[in-house]
Amino acid sequence: MYEEIVLIIAAASTLAILSYLYRENIFYRIAEYTMVGISAGYLFVMAYRNIISFGLNSIVQKQDYTYIIAFILGFMLFGIYVKKYNWISRWPMAFIIAVGTGISLRGLVISQLLAQIKATTIEISTPLKTFNSVITLIVVVCVLSYFIFSREQRGVLGITGKTGRYAMMVAFGTVVTFMFMTTTTVIIGRLKVAVLPYPAYYIAIISLILIAIDVIRKKIR
């Protein structure tokens, strides 16, 4: 019985969201507000559990008093709600932005720069890996040459630039195709939940009846 109720709720939610393809309606808004409310509640509960687990427990049990600084900075953020003391919230906000920027910059340098340079190096081991490394290096050089605008792209630069443009077209087409396949897979999976199993198909039939009633009502008007 429990599984059937969960299946009905999942089917109703899926069809309520998909009903936006027909037109905006109260069922879509209910599903949208429910999703936003559940997400906000879940995030609040997770934040509360993190404060208790990683903050208070570390101070009380492990006697790690460095977390007191985090609590002070967190309470300072609430100063934004008091007009007279809203300047207090700028200090923890500046700290958060500075730390986040530093961590992001380090990650970007490692993943986007060093990893890319390492990926373009020629790996001489098996013939297949060597061939793939050579192709990767050639494509990278051609794509970079396409963005050289300081001189007219003629001769060798014109050939490499055109090759780089074709390589980017293939890469973008692959990304779009992958996104389309992923989205289609998700939609098919949700439709299987909303239409095929018992008793979810009753919800689908009811949804079609409601849409038909709405179409007839609009025509009568």
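General observations
- Difference of contour (0.36 nm per residue) and Cα-Cα distance, Glu152 to Lys118: 9.2 nm
- Here the extension length gained between Ile30 and Arg165 equals 44.0 nm, from 0.36 nm per residue of separation less the Cα-Cα distance.
- Förster radius 25 Å - calculated FRET efficiency between Asn57 and Ile103 (Cβ-Cβ, nearest 0.05): 0.55
- Each part gets one Cα centre, and for the stretch 110-175 versus the stretch 1-66 those centres are 44 Å apart.
- Interatomic Cα distance distribution for the stretch 76-221, bins of 5 angstrom, percent: 2, 7, 7, 8, 9, 9, 8, 7, 8, 10, 12, 9, 5, 1, 0
- Net length available on complete extension from Phe180 to Phe78 is 32.4 nm, with 0.36 nm assigned per residue and the Cα-Cα distance removed.
- Highest-first arrangement of 99-111, 6-18, where packing means the average Cβ count within 10 Å: 6-18, 99-111
- Normalising the average separation of contacting C-alpha pairs (under 8 angstrom, six or more residues apart) by the number of residues puts the relative contact order of the chain at 24 percent.
- Applying the criteria of a DSSP loop state and at most 12 other Cβ atoms within 10 Å to the trypsin sites (Lys or Arg not before Pro) of the stretch 1-73 yields Arg23, Lys62.
- Using only Cα coordinates, the Kirkwood hydrodynamic radius of the stretch 38-116 works out to 15.0 Å.
FYI, it's all coordinate maths here, none of it is from the lab. Keep in mind it's a predicted model, so treat the numbers as computed, not measured. Counting neighbours? That spans all protein chains shown, and the Cβs are built from the backbone with ideal geometry, glycine included.
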